[in-house]
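The values are calculated or read from the model by the stated rules, or taken from the named source; none is laboratory data. For clarity, every value in this text was computed on a predicted model and none was experimentally measured. FYI the Cβ positions are ideal-geometry reconstructions off the backbone, even for glycines, and counts take in every protein chain you see. For the accessible areas, the whole protein counts, side chains as well, though only heavy atoms, and no ligand, DNA or RNA atoms are used. Shrake-Rupley method; radii C 1.70, N 1.55, O 1.52, S 1.80 Å.
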Amino acid sequence: MLATTGIYHRLLTHKSYQAPILVLWVGSIIAASAGQMGPSWWKAHHMTHHQYVEQDLDPHSPYTPMQGIRGFFWSQGGWLLSSNFFPAKLPADVENDRFLKLIDRLHFIPVIALGAISYFIGGLEYLGAFFLSTTLLFHGVQTVNSLAHIFGTQPFITNDLSRNNGFVALITLGEGWHNLHHAFQSSSRHGITIRSGQVVYLPDVTFSFIKMLEFLKLASKLKLPTESRLLAACKEQNFEHSTSKVSAQ
Ligand SMILES: [Zn+2]
Ligand SMILES: [Zn+2]
């Protein structure tokens, strides 16, 4: 999960911090071993999601092409069984790195290897645990696409229906603070909200992991929005501003 959230998502896709290329390579192999496909595939879909969020070209919106419970199942995994599985365009920066491109094309090898290692260590019991954990992780990651666009709070102004969802944040190590993420896509920290006009920091295990990488000199230049930018993007604050303007008039 950390390789998916901390490496594929926050490092590879959004470049929310900098890290040595080895961190990106090793993290990508670990993410591929979790059945998350390759780095080009992952980034391509995620960039498309941000670019066309909740519109027809969004690969996994719970609001289009289906709505309601069918929209939920579509965003939770149905989209992978459609032609949306194939990205329209692969990201040039990932494709230009020969090793990342190799991981992308051979993404099935790490996951098969992990299954084989599990079997050789602990027989069928460990192989069963491998399938169970891989399935749970897959559905956990997918809740960011489904639940975190349906249920939760929207403290920040965005042009989509992304939400901050504590349950999703718990099972995805911080990725459920998805409204903040859509508002500040390059922030290395997702666990941020606004309460009563104050910036409040929320538990974000992936951000703690990035801070640990920074402590180990394996991460640098962490991007974080300033409190004034956070407050300026806050719905509550803007509501207060607009009401005070109306009352002043
Ligand atoms: Zn989203
Ligand atoms: Zn993102």
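Counting only protein heavy atoms and a probe of 1.4 Å, the accessible surface of the chain is 66% carbon and sulfur. Here the sum of -39500 (n - 2.57) over DSSP H runs of 4 or more residues, divided by the residues of the chain, equals -16000 deg cm²/dmol at 222 nm, to the nearest 500.
Accessible area of Phe167 (1.4 Å probe, protein heavy atoms only, ligands and nucleic acids ignored): about 120 Å². Farthest towards the positive end of the charge dipole of the stretch 160-226, among the residues Thr193, Leu173, Ser208, is the Cα of Ser208, using unit charges on the Cβ of Lys, Arg, Asp and Glu. Here Lys223 is the anchor, and the lysines within straight C-alpha reach of less than 28 Å, apart from those fewer than 8 places off in the same chain, are Lys15, Lys43, Lys89, Lys101, Lys211, Lys235.
Note on the chain: dipole from Cβ charges, positive end direction compared against Ile30, Leu147, Leu231; the farthest Cα belongs to Leu231.
Taking amide H as placed 1.01 Å from N in the peptide plane, Ile192 has its amide H under 5 Å from the amide H of Leu202, each at least 5 places away in sequence or on another chain. Go ahead and run the numbers for FRET between Gln198 and Thr135, Cβ-Cβ distance against an R0 of 45 Å, rounding to 0.05. With R0 = 45 Å, the Cβ-Cβ based efficiency is 0.65. Charging the Cβ of each Asp and Glu at -1 and of each Lys and Arg at +1, and nothing else, the dipole of the chain about its Cα centre rounds to 400 debye.
Accessible surface of Met37, taken over heavy atoms with a 1.4 Å probe and every protein chain present, rounds to 40 Å². Against the criterion of solvent-accessible heavy-atom surface with a 1.4 angstrom probe, Glu175, Glu227 sort, most first, into Glu227, Glu175.
Trypsin sites (Lys or Arg not before Pro), restricted to the stretch 39-146: which are DSSP loop and have at most 14 other Cβ atoms within 10 Å? Hits after loop and neighbour filter: Lys89. Between the listed residues Leu57, Phe184, Gly123, the Cα displaced farthest toward the positive end of the dipole of the stretch 2-248, a dipole computed from Cβ unit charges relative to the Cα centre, is found at Phe184. The residues of the chain have, on average, 51 Å² of accessible surface per residue, using a 1.4 Å probe with all protein chains present. Using R0 = 41 Å, the C-beta based FRET efficiency linking Leu231 and Phe120 works out to 0.15.
Membrane-span-like helices in the chain (whole DSSP H runs, Cα extent of at least 24 Å along the helix axis, mean Kyte-Doolittle hydropathy of at least -0.5): 108-145. Each residue, Gln154 and Ser83, gets one label point 7 Å from its Cα in the Cβ direction; the gap between the two is 3.1 nm.
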